[in-house]
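**Student:** Have a look at the structure that comes next, please.
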Amino acid sequence: MAANDSAPDQGAGGGLPLSVGVLAGGMSTRMGTDKALLSLIDGGPPLLQLVLDRVRPLTDDLFVIATDRPAYERFAVRLVPDRRPGMGTLGGIATAIAAARHEFVLVVACDMPLLSRPLLRFMRDFSRDFDVLIPALPGESRQGRGMVLQTLHAIYGRPCLAPIERRLDADKLQVIGFFDQVAVRELDEATVRRFDPDLRSFVNANTPQAAETARRLLADEASAAGNLFEPSSSPILDGANRKDDHD
């Protein structure tokens, strides 16, 4: 990656201030190994490094949320222990908000190697009239509304922390459970597709089969040298690997 690709583009007209927290260090039970350290391409960087490279230019405050993961020190980013261990995704989001040096924090997962930087830049610079800014895409999940709110591809403001903490204290872990207490702005499919036409951002590598899909898409992306797929072959809308496990 060229040096100017990895330099933060915030400030001086380069974007609104935004922290970025990457959730890692989970149990990886479906993968059978620490997926953050998995290389999708032989001789290539670990999965976590791929994600860090995608988001690094968006921020001057990048950190990884992980507890007891000395192997992650190789990534040369701030490591933040989970302040609510055992509380799943919602606990990780709470940790990210509390650890962020800016008022708003983008939270993504370490198993999302196809994040779209143009989409993330659009979200970063969206008018700050929200507490949560989140893509809403067609699909089925435990959310039960015919749409999947992509809770690990979302920006959270500091006002979210108090209602999240109350939910955690009550052992209520569904991420969207606090949304009725804050201002939520949803990005619809048409808006998301303007920047990520086949929704590759939302493919995650959390099982061996999903990792193989991500590996193929990464190889296709590299060989296409930036050419995009036809929207008709959409991994997320075809039901592959939606990030909705804890929503």
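Each value in this text was obtained by applying a stated rule to the coordinates, not by laboratory testing. What you see is a predicted model, and the numbers here were worked out from it, not measured in a lab. Here Cβ is always computed from backbone atoms with ideal geometry, including for glycine, and neighbour counts include all displayed protein chains.
**Student:** Quick one: net charge of V77's neighbours, Cβ under 14 Å, K/R +1, D/E -1?
**Tutor:** Overall, the nearby charge balance is +2.
**Student:** Report for the stretch 3-224 the percent antiparallel among DSSP-assigned beta bridges with both residues inside it, nearest 5.
**Tutor:** In the stretch 3-224, approximately 40 percent of DSSP beta bridges are antiparallel ones.
**Student:** For V80, which sequence-distant residues (separation of 5 or more, or a different chain) have an amide H within less than 5 Å of its own amide H, given hydrogens modelled in the peptide plane?
**Tutor:** HN-HN under 5 Å from V80: V64, I65, A66.
**Student:** A follow-up question, please. Which FRET efficiency value, to the nearest 0.05, do you get for F195 and S127 by plugging their Cβ-Cβ distance into 1/(1 + (r/R0)^6) with R0 = 25 Å? The partial results should precede the final answer.
**Tutor:** Numbers: r = 16 Å, r/R0 = 0.66.
Using R0 = 25 Å, I get an efficiency of 0.90.
**Student:** Could you run the Karplus curve 6.51 cos²θ - 1.76 cosθ + 1.60 with θ = phi - 60° over the stretch 86-91 and give me ³J(HN,Hα) per residue in whole Hz, x for Gly and Pro?
**Tutor:** Along the stretch 86-91, the couplings run x, 9, x, 4, 4, x Hz.
**Student:** How much FRET efficiency would the formula 1/(1 + (r/R0)^6) give for D60 and D169, where r is the Cβ-Cβ distance and R0 is 51 Å, rounded to 0.05?
**Tutor:** Working from the Cβ atoms, E equals 0.95.
**Student:** Sequence-distant or interchain residues sharing an amide H contact under 5 Å with V148, placed H: which?
**Tutor:** Residues meeting the amide H criterion: L137, G139.
**Student:** Expected output is a single nm value to one decimal: the length gained when fully extending between V77 and A162, i.e. 0.36 nm times separation in residues minus the C-alpha distance. What is it?
**Tutor:** So the extension gain works out to 27.9 nm.
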